[in-house]
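A quick write-up on the structure given underneath.
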Amino acid sequence: MADFLAAHTGLDPEDWAATRALGHRMLDDMIDWLADARARPVWRRMPDGKRAELRAPLPQDGVGLEAIYADFQRLVLPYGAANEHPRMMGWVNGGGNAAGILAELLTAVFNPNCAGRDHAGIEMERQVVAWAAEMVGMPAETSGVLLAGSSMANMVAVLVARRAALGAEVRTGGVGGVRLVAYASAAAHGCVPRALDMAGIGSDALRLVPADAAHRMEVGALRAAVAADQAAGLRPFLVVGTAGTVDCGAIDDLAGVAEVARAAGLWFHVDGAFGATAALSARYRPLLAGIERADSLAFDFHKWMQVPYDAGCVLVRDPAMHLATFAQDLAYLTYAERGMAGNPPWPRDLGPDLSREFRALKVWMTLLAYGADGLGRVVEHGCKVARHLAARVAREPALELLAPVTLNIVCFRVVALSDAANRELVADLQEAGIAAPSTTVIGGRLAIRAALFNHRTTEADADALVDGVLQLAAQRAVLR
Ligand SMILES: *Cc1c(COP(=O)(O)O)cnc(C)c1O
């Protein structure tokens with residue numbers, strides 16, 4: 001490398017043969033590594049020595065790719081976040097897929113800047129957005145843009161709702177003294193208050209409406225809260241329905257929430273980060289009734305739809321309002337009648353990013369490779385494994401279910417152990433490499449939370465989780 005760089009100013013090799021051979025070997029190794037996932041422990045802590053090895057001064061001379069790849073295999077690959085593993089059950093993580101892996105390679109070669117301009121990447125993103133709208137029953141003209149994830153998608157939706165409520169002046173003058181108020185379920189994701197914070201409205205402007213025993217926003221309480229705020233001279237502008245709460249997968253009565261929003265003249269946004277994917281299943285789609293009435297929807301392709309990270313999406317029913325929220329007139333980025341600067345509107349006028357990666361290809365290839373029905377079967381499979389796990393928990397006297405299972409998330413605890421000990425138990429399971437659930441708090445109790453998002457997870461994996469919990473809990477009970 002060093003010799004080569006002395007003689008050339010570019011970065012391409014003189015001869016691609018070595019790159020080609022290494023690339024083939026990497027692909028073979030990575031496919032083996034994926035195929036062997038089940039045989040490995042779900043997670044291994046990266047040893048301190050290897051962390052230290054990663055910390056090195058800025059390299060001055062280039063190193064051969066062979067050596068770099070050897071470092072990757074030694075220092076990186078064994079210490080991943082485990083998303084490929086069938087017994088990864090923590091948080092909300094998709095498992096990736098073969099079409100998505102190959103798409104990432106093609107994306108890196110194609111390497112467009114999807115800020116905009118006239119190229120196939122922009123057309124493909126529009127197609128993916130149209131598929132998303134079709135999936136949830138929103139109109140064909142629905143606008144949308146791909147983003148890093150639902151956190152950004154919820155943020156964009158809050159900004160469009162803010163623009164709709166206060167007009168163009170809000171973009172130049174800010175919210176000023178207007179006391180905007182938004183509403184979401186007490187079970188809403190933390191990125192919703194943060195979006196209000198980032199939008200300059202403040203997270204205190206979010207009313208957390210109580211949820212019922214099924215973790216669904218109480219529509220009556222929502223209606224009463226809006227009326228009280230309007231009577232007090234505040235400015236209600238937005239209600240966020242949740243389709244799939246992060247704790248336990250509850251789905252708000254979206255039709256009921258839509259009705260309150262319509263009656264009060266509020267923007268109706270849905271956070272369907274993973275739950276919107278249930279629209280791909282004929283069995284679970286009815287739970288989302290009302291989602292098609294959303295003014296905007298945030299959801300992720302990288303969760304239940306298994307697209308490699310990252311790929312989130314916001315849909316906005318009113319394309320003109322979406323554009324009016326972000327569009328800028330800049331001499332160096334202006335649209336042209338023809339040539340490369342044609343093809344408006346560009347994604348850079350639909351969200352906060354200018355330079356953007358080509359996320360659409362991996363989404364497009366995943367949807368084409370498996371079809372809506374294939375991904376719908378992944379949804380149904382995850383829910384089936386969750387029901388199996390919940391039934392097993394119910395049968396085990398040592399365990400207690402903490403929340404109803406709507407979709408693919410099961411929250412439970414070991415009855416005999418304290419909250420602290422249940423939390424330790426989850427770390428024990430992860431460190432033993434048996435399974436990797438996460439934790440949350442349900443009704444004041446620490447919950448062991450198993451979220452069945454990975455398409456490779458089977459009922460036997462769910463049983464392995466319970467067996468591991470019971471075994472490690474017995475050890476803890478003995479040790480106490
Ligand atoms: C995951 C999640 C988010 C955040 O999405 P990211 O893609 O992680 O930014 C928001 N809401 C819910 C309900 C989620 O599950």
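The values are calculated or read from the model by the stated rules, or taken from the named source; none is laboratory data. Please read all numbers here as calculations on a predicted model, not as lab measurements. For neighbour counting, all protein chains shown are included, and Cβ atoms are generated from backbone atoms with ideal geometry for every residue, glycine included.
Being farther than 22 Å from residue 284 by Cα and surrounded by fewer than 16 Cβ atoms within 10 Å (Cβ to Cβ) is true for just one of 395, 413, 476. Which residue is that?
395
Among the residues of the stretch 446-472, write down those that are in contact with a Leu (Cβ under 6 Å, 6 or more places away or on another chain) and either charged (D, E, K, R) or in a helix (DSSP H, G or I) (or both).
The answer is 462, 468, 472.
Does residue 252 satisfy the condition of being more than 16 Å from the ligand (Cβ to nearest atom), in contact with a helix residue (DSSP H, G or I) (Cβ under 9 Å, 6 or more places away or on another chain) and of a type in the set (Asp, Glu)?
It is false that residue 252 is more than 16 Å from the ligand (Cβ to nearest atom), in contact with a helix residue (DSSP H, G or I) (Cβ under 9 Å, 6 or more places away or on another chain) and of a type in the set (Asp, Glu).
Across the stretch 215-249, what is the total count of residues that are within 16 Å of the ligand (Cβ to nearest atom) and small (Gly, Ala, Ser)?
Within the stretch 215-249, residues that are within 16 Å of the ligand (Cβ to nearest atom) and small (Gly, Ala, Ser) number 4.
Report whether or not residue 170 is away from the ligand (no atom under 16 Å from the Cβ), over 20 Å from the mean Cα position of the chain (by Cα) and not assigned by TED's automatic domain parsing to the domain that holds residue 335.
It is false that residue 170 is away from the ligand (no atom under 16 Å from the Cβ), over 20 Å from the mean Cα position of the chain (by Cα) and not assigned by TED's automatic domain parsing to the domain that holds residue 335.
Between 261, 324, which is crowded, with 23+ Cβ neighbours inside 10 Å and modelled with pLDDT of 95 or more?
After ruling out the rest, the residue left standing is 261.
Residues 234, 254, 238, 266: which one is closer than 17 Å to residue 211 by Cα and hydrophobic (A, V, I, L, M, F, W, C)?
Matching residue, one of 234, 254, 238, 266: 254.
Residue-by-condition table, conditions (1) farther than 15 Å from residue 314 by Cβ; (2) in contact with a helix residue (DSSP H, G or I) (Cβ under 8 Å, 6 or more places away or on another chain); (3) of a type in the set (Asp, Glu); (4) surrounded by 22 or more Cβ atoms within 10 Å (Cβ to Cβ):
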site: 113; (1), (2), (3), (4): yes, no, no, no
site: 118; (1), (2), (3), (4): yes, no, yes, no
site: 123; (1), (2), (3), (4): yes, no, yes, no
site: 168; (1), (2), (3), (4): yes, yes, no, no
site: 177; (1), (2), (3), (4): yes, no, no, no
site: 184; (1), (2), (3), (4): yes, yes, no, yes
site: 190; (1), (2), (3), (4): yes, no, no, no
site: 212; (1), (2), (3), (4): yes, no, yes, no
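Yes or no: the stretch 99-119 includes at least one residue that is closer than 22 Å to residue 296 by Cα and among the charged types (D, E, K, R).
Checking the stretch 99-119: not a single residue is closer than 22 Å to residue 296 by Cα and among the charged types (D, E, K, R).
The rows are residues; the columns are (1) assigned to a loop (DSSP other than H, G, I, E, B); (2) within 16 Å of the ligand (Cβ to nearest atom).
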{"position": "85", "(1), (2)": "yes, no"}
{"position": "90", "(1), (2)": "yes, yes"}
{"position": "93", "(1), (2)": "yes, yes"}
{"position": "104", "(1), (2)": "no, no"}
{"position": "107", "(1), (2)": "no, no"}
{"position": "117", "(1), (2)": "yes, no"}
{"position": "124", "(1), (2)": "no, no"}
{"position": "127", "(1), (2)": "no, no"}
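Quick check on this structure: which one of 203, 185 is modelled with pLDDT of 95 or more, within 16 Å of the ligand (Cβ to nearest atom), in the same structural domain as residue 294 (by TED's automatic domain parsing) and closer than 26 Å to residue 292 by Cβ?
So the residue among 203, 185 that is modelled with pLDDT of 95 or more, within 16 Å of the ligand (Cβ to nearest atom), in the same structural domain as residue 294 (by TED's automatic domain parsing) and closer than 26 Å to residue 292 by Cβ is 185.
Quick check, is residue 86 under 27 Å from residue 274 (Cα atoms) and in contact with a Ser or Thr (Cβ under 9 Å, 6 or more places away or on another chain)?
Answer is yes for this residue.
Is at least one residue of the stretch 323-343 among the β-branched types (Val, Ile, Thr), away from the ligand (no atom under 15 Å from the Cβ) and in contact (Cβ under 8 Å) with a residue 12 or more places away in the chain?
yes
Of all helices (runs of 4 or more DSSP H) completely enclosed by the stretch 5-83, which ones contain at least 3 residues that are of a type in the set (D, E, K, R)?
17-35, 48-54
Here is a check on your reading of the model: is residue 403 at negative phi, crowded, with 23+ Cβ neighbours inside 10 Å, touching a His at 6+ places or on another chain (Cβ under 7 Å) and modelled with pLDDT of 95 or more?
yes
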